[in-house]
Amino acid sequence: MIFGSVRHVRVFVYREPVDMRKAYDTLAALVEGPMKKSLVSGDVFVFIGRTRKRAKALYFDGTGLCLLCKRLETGHFAAPWKRPGEGPMELTMSELSLLLEGSEHALRIRLSPEPYRPMGSGAHA
């Protein structure tokens, strides 16, 4: 798996269409700026082009920045800008797989349960 242990990797999708001519630095600026995320967090940041035929994912693997690109030969990627909400959309790795396959179900509803987050040590049931 290119992303290492998937249990600790979060996926964020930028909500606006992106010019697919953008490369490392310009996409990184979207992560640090409008998305308000840390580029070196190990999270995956996904961008979809206006025509929804191309997508890019940006990921820092600990030694450098990786840029993954995909162009669909048939079908379209889901359009995050057509989904309600503010800020980046958070997906699971399973949902990312569906998105990158061009699934018509991607981004419609949450397909995975919320990740488990242990309660703080001071919390009591």
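The values are calculated or read from the model by the stated rules, or taken from the named source; none is laboratory data. Computed from a predicted structure; not experimentally measured. Note: ideal-geometry Cβ built from the backbone for every residue, glycine included; neighbour counts use all protein chains shown. Only protein heavy atoms, including side chains, enter the accessible area calculation; ligands, DNA and RNA are left aside. Shrake-Rupley method; radii C 1.70, N 1.55, O 1.52, S 1.80 Å.
How many residues are charged (D, E, K, R) and farther than 18 Å from Leu107 by Cα if we restrict to the stretch 72-83?
Qualifying residue count, the stretch 72-83: 1.
Could you tell me whether Val18 is open to solvent by less than 30 Å² (accessible area, probe 1.4 Å), β-branched (Val, Ile, Thr) and in a loop (DSSP other than H, G, I, E, B)?
Yes; evaluated as a whole, the condition is true for this residue.
Can you pull out the residues in the stretch 55-82 that are more than 13 Å from Leu96 (Cβ to Cβ), of a type in the set (Phe, Trp, Tyr) and either in a strand (DSSP E or B) or open to solvent by less than 20 Å² (accessible area, probe 1.4 Å) (or both)?
Scanning the stretch 55-82 gives a single hit, Phe60.
Within the stretch 5-16, identify whether any single residue is among the aliphatic types (A, V, I, L, M) and without any contact (Cβ under 8 Å) to a residue 60 or more places away in the chain, and answer yes or no.
No - not one qualifying residue is present in the stretch 5-16.
I need the full set of residues from the stretch 44-85 which are touching a residue at least 60 places away in the same chain (Cβ under 8 Å) and out of contact with any Leu (no Cβ under 9 Å at 6 or more places or on another chain), in order please.
Trp81, Gly85
Condition first: open to solvent by less than 60 Å² (accessible area, probe 1.4 Å), at pLDDT below 85, under 25 Å from Ser41 (Cβ atoms) and touching a helix residue (DSSP H, G or I) at 6+ places or on another chain (Cβ under 8 Å). Can you find one or more residues in the stretch 92-109 that meet it?
Yes.
Of everything in the stretch 30-40 that's open to solvent by 60 Å² or more (accessible area, probe 1.4 Å) and either outside any loop (DSSP other than H, G, I, E, B) or in contact with a Cys (Cβ under 9 Å, 6 or more places away or on another chain) (or both), which residue is farthest from Thr92 (Cα to Cα)?
In this case the residue turns out to be Glu32.
Return the residue satisfying two criteria in turn: it lies in the stretch 1-14 and is open to solvent by 40 Å² or more (accessible area, probe 1.4 Å) and assigned to a loop (DSSP other than H, G, I, E, B), and of such residues it is modelled with the highest pLDDT.
Arg10
Does any residue of the stretch 80-91 turn out to be small (Gly, Ala, Ser) and at negative phi?
No, the stretch 80-91 contains no residue that is small (Gly, Ala, Ser) and at negative phi.
Tally up the residues in the stretch 42-51 that are in contact with a Pro (Cβ under 8 Å, 6 or more places away or on another chain) and in a loop (DSSP other than H, G, I, E, B), please.
2
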